[in-house]
Each structure stands twice: as structure tokens, then as C-alpha cells.
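> There's a structure below that I have some questions on.
The values are calculated or read from the model by the stated rules, or taken from the named source; none is laboratory data. A quick note: this is a predicted structure, and the numbers were derived from the prediction, not measured. For neighbour counting, all protein chains shown are included, and Cβ atoms are generated from backbone atoms with ideal geometry for every residue, glycine included.
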Amino acid sequence: MKAKRKATSKTVRMIASWMVIASVASPAVARQSSAASQPAPPPLVGSLAGHPGWPAVKNASDADTVEHLLASLYDVISGPAGKPRDWDRFRSLFLPDGRMGVIRSDAPASAEQPAR
């Protein structure tokens, strides 16, 4: 009788364990299947993924550090008059919505005060 009770108790615990596992796993499976059925979100505005025709960096070393990026930028825009520029390389140094601008202070620096 005691052996039968142990076997029944063991069976009940095993069934309860499987029920707990099933209750935890089934919402995760449902989330995965619903996420898989949803379309992928559109690429971020201004990202390279949103502009498939954007030129890729010509040399990996052109943009691996800030120093190399600036050196590549100066290399593209500098040179003798009449020398053709590589504008695809120039564009590849920027994100599609990247801009260059001038920053000027409205008051020059003095001995008592920094520029603002």
C-alpha cells in the first residue's frame, strides 16, 4: 500500500511539473509565433538601411576612427584646382541625412571671458 501511495504521489508530482512547464512555455511560444507573423518594422529614417543606393565606405580605414574619418574628408576635398573629386567617397563618409555646417561664436574670446 505504501509503495502504491509513493508511486501515485510521484506520478502526481510529475504531472504537476509538466503542467507548470507547459503553462510557462505556451505563452512564450504564442509570443514567438505572433511576432513571426508581424512584418518587420521599416528602417529608421536617415539610416543606411533606409537608403539602399547610398555609397558604401570605399576603404574600411576611411571611417574606423574619428581621425581617419577627418583625414579621409580632407583627402577628398583637398587637391589642386581642376583635380576631379571622388564625390561618392565623400558621400560615403556621412549618413544619408548628415550635414556639415559652420559654427561661429557670437562674441570673441577675451582674456577675462571665453567665446560664447
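> For residues that are aliphatic (A, V, I, L, M) and in a helix (DSSP H, G or I), scanning just the stretch 68-116, find the one that is nearest to the chain's Cα centre (by Cα). Give the derivation first.
Start the filter on the stretch 68-116 by keeping residues that are aliphatic (A, V, I, L, M), which leaves 69-71, 73, 76-77, 81, 93, 95, 100, 102-103, 107, 109, 111, 115.
Next, only the ones that are in a helix (DSSP H, G or I) stay: 69-71, 73, 76-77.
Details: Leu69: 19, Leu70: 22, Ala71: 25, Leu73: 24, Val76: 27, Ile77: 29 Å.
Looking at residues that are aliphatic (A, V, I, L, M) and in a helix (DSSP H, G or I), I get Leu69.
> Restrict the check to the stretch 34-41 and report whether at least one residue is at pLDDT 75 or above, touching a Gly at 6+ places or on another chain (Cβ under 9 Å) and of a type outside the set (Val, Ile, Thr). Steps first, please.
Step one: filter the stretch 34-41 for residues at pLDDT 75 or above, giving 37-41.
Going one step further and asking which of them are touching a Gly at 6+ places or on another chain (Cβ under 9 Å), we end up with none.
No - not one qualifying residue is present in the stretch 34-41.
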